[in-house]
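Structure first, then comments.
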Amino acid sequence: MFQVVGGWGLVLRNAQLVKQGCLLGVICACVLAAEHVVAQGGADALRFWPAWRGPLGTGVSPEGKPPVDWSESHNVKWKIPLPGTGSGSPVVWQDRVFVLAAIPTEEEASSRPGFFARLRQRFMQGVSATHVQRFVVLALDRQDGGIIWERVAEEVAPHQGTHETNTWSSPSAVTDGDVICAFFGSVGIFCYDLDGRLLWETDLGDMQTKMSFGEGASPALYRDLLIVPWDHEGDSFLAAFGKRTGRERWRTPRDEKTSWSSPLVVESEEGAQVVTTATGAVRAYDVETGRLRWWDEGLTENAIPSPVAAGGMVFVTSGYRGSRLAAIDFMQAEGDISGSQAVVWSVNRDTPYVPSPVLHEGLLYVLKGNSGMLSSFDALTGFRHYGPERLPDVRNVYASPVAAAGRLYITGRNGATAVVRAGQTFEVMSTNTLEDGFDASPAIVEGEIFLRGQRFLYCIAES
């Protein structure tokens, strides 16, 4: 079920020691809370939602206090229609909400896939690129959802299809209060200042994703670097660019096929690391040089969930055609760590396919597959406090859970969001349903929660 090795010298061999491990996790939860924060924009970033997994990369808003209850007629501050499609999360800085979208034009694509390609796409639930798309960056007013500025990054026909549950604008934007960077995958990278002035753009070529399932990994900002993942069926790599200049600082080849996991920057005594997950291996690179620092065995096929980290440990998982969840002590990791004490504990069942985990106050929460079934683990020991427990009314989850004010918010594709009390026992506080479906992960800022649906963007706040 799970194993614990190394780390704090704790090996869980029987039920009694499991209970002791649970107690240790409670006592030492302060270790997780006390870690050095890797947040862009300094202390101000903790107030906002600068990237798709929040200010700490854990799915948590440290200062958020959103409502517990809402509906179409209750606690909706504003609701606006969004143009086109996109499943990237909204990001929020001060009074602005940034959203990326692909808007179909009336111009048909000059070339279409052949008969066998269309047949394969149909069998694999694929969608062909039939029209030119307008790739846009929207800056919205946080108070009422009005458009402050809109920039057309590019207008082009996608070079390949995508999965019917994906879009041509799936990565999330990222900001640090200085720049706002949009990564549209094969369409390019576009970085602006917060008033919408284009600072730079670059084209990295065309990704060839597995079975034309489309693109989805989001970039990361760390100090003056924008870190971009590029895993596909061709020559994969990880690259870093100057956030204001676009100058390429480094590019490291990767022996990987398509993955949709986003990189995570963590800080250690020997400098910051970029942690990546994929089917072939879990790897960490030096953030300044791109040098490979350590690696572990890979995850399952179709690696999608992104890692989260706190207290010197990083948690990696995936769950398609298999299950793996591992807690890695990146402070002592060096070289090949497979089977070493740096892998503190691991789990081989009930792990997520699409949604990423959320790490909150010493507890790690994961969903099973894409189902609305939740488990809670002690982050230090791997002790399972509960789960998988069924969430009422929430089905087919692609959005990643988020947390604030001692609560988890878990949104399904059917428009329902379950609010669960954070902790060692399973308690559903409410279930709230809106007239839209949600693939994008929510963003929480202060007393507001922003939900990007297939048709609308909602701002939920106490009336």
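Below, the figures for the structure above:
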read-out: Given (1) part of a strand (DSSP E or B); (2) of a type in the set (Phe, Trp, Tyr); (3) over 18 Å from Asp69 (Cβ atoms), index of the condition Tyr409 fails; value: (3)
read-out: Enumeration of residues in the range 294-348 that are under 22 Å from Ala217 (Cα atoms) and of a type in the set (Asp, Glu); value: Asp296, Glu297, Glu301
read-out: Set Leu380, Leu374, Leu391: member being in contact (Cβ under 8 Å) with a residue 24 or more places away in the chain and under 20 Å from the mean Cα position of the chain (by Cα); value: Leu374
read-out: Candidate set: the range 441-463, residues that are at negative phi and in a loop (DSSP other than H, G, I, E, B); chosen: the one surrounded by the fewest Cβ atoms within 10 Å (Cβ to Cβ); value: Ser463
read-out: Test set (1) within 22 Å of the chain's Cα centre (by Cα); (2) surrounded by fewer than 17 Cβ atoms within 10 Å (Cβ to Cβ) - Thr433 fails condition number; value: (1)
read-out: Complete set of residues in the range 359-391 that are surrounded by fewer than 20 Cβ atoms within 10 Å (Cβ to Cβ) and among the aromatic types (Phe, Trp, Tyr); value: Tyr386
read-out: Qualifying position, being crowded, with 18+ Cβ neighbours inside 10 Å, on the phi > 0 side of the Ramachandran plot and small (Gly, Ala, Ser), among Gly214, Gly196; value: Gly214
read-out: Members of the range 405-439 that are closer than 17 Å to Phe377 by Cα, of a type in the set (A, V, I, L, M, F, W, C) and in contact with an Asp or Glu (Cβ under 8 Å, 6 or more places away or on another chain); value: Val420, Ala422, Phe426
read-out: Search result, residues across the range 398-411 that are over 13 Å from Ser87 (Cβ atoms) and either surrounded by 24 or more Cβ atoms within 10 Å (Cβ to Cβ) or modelled with pLDDT under 95 (or both); value: Pro401, Val402, Ala403, Ala404, Leu408, Tyr409, Ile410
read-out: Test set (1) in a loop (DSSP other than H, G, I, E, B); (2) in contact with a helix residue (DSSP H, G or I) (Cβ under 8 Å, 6 or more places away or on another chain) - Val397 fails condition number; value: (2)
read-out: Single residue of the range 73-109 satisfying the filter (of a type in the set (D, E, K, R) and surrounded by 14 or more Cβ atoms within 10 Å (Cβ to Cβ)) that is farthest from the chain's Cα centre (by Cα); value: Lys77
read-out: Some residue of the range 338-358 being farther than 27 Å from Gly271 by Cα, hydrophobic (A, V, I, L, M, F, W, C) and either within 14 Å of the chain's Cα centre (by Cα) or crowded, with 22+ Cβ neighbours inside 10 Å (or both); value: yes
read-out: Selection within the range 289-305 - out of contact with any strand residue (DSSP E or B) (no Cβ under 6 Å at 6 or more places or on another chain), surrounded by 17 or more Cβ atoms within 10 Å (Cβ to Cβ) and not in a loop (DSSP other than H, G, I, E, B); value: none
read-out: Tabulated pairs, the range 306-334, first in contact (Cβ under 8 Å) with a residue 12 or more places away in the chain and surrounded by fewer than 21 Cβ atoms within 10 Å (Cβ to Cβ), second part of a strand (DSSP E or B) and polar (S, T, N, Q), C-beta under 6 angstrom, 6+ apart or interchain; value: Met331/Ser268
read-out: Leading residue by the ranking (surrounded by the fewest Cβ atoms within 10 Å (Cβ to Cβ)) among those in the range 257-273 that are farther than 28 Å from Ser170 by Cβ and among the small types (Gly, Ala, Ser); value: Gly271
read-out: Answer residue from the range 212-233, given it is within 19 Å of Leu199 (Cα to Cα) and part of a strand (DSSP E or B) and is farthest from the chain's Cα centre (by Cα) among those; value: Leu225
read-out: Tally of residues being in a loop (DSSP other than H, G, I, E, B) and either modelled with pLDDT under 95 or within 21 Å of Pro62 (Cα to Cα) (or both) across the range 428-440; value: 1
read-out: Hey, Ser236 more than 16 Å from the chain's Cα centre (by Cα), at pLDDT below 95 and small (Gly, Ala, Ser) or not; value: no
read-out: Segments classed as strands (runs of 3 or more DSSP E), wholly inside the range 237-288, with at least 1 members that are touching a residue at least 24 places away in the same chain (Cβ under 8 Å), of a type in the set (A, V, I, L, M, F, W, C) and over 20 Å from Trp52 (Cβ atoms); value: 248-254, 281-286
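Here is a yes/no grid of residues against (1) β-branched (Val, Ile, Thr); (2) at pLDDT 95 or above; (3) touching a Pro at 6+ places or on another chain (Cβ under 9 Å); (4) farther than 19 Å from Asp224 by Cα:
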| site | (1), (2), (3), (4) |
| --- | --- |
| His131 | no, no, yes, yes |
| Phe135 | no, yes, no, yes |
| Ala173 | no, yes, yes, no |
| Ile189 | yes, yes, yes, no |
| Asp203 | no, yes, no, yes |
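The values are calculated or read from the model by the stated rules, or taken from the named source; none is laboratory data. Predicted model, so just to flag it, every value in this text is computed and none were measured. Ideal geometry is used to build each Cβ from the backbone, glycine not excepted, and the neighbour counts take in all protein chains shown.
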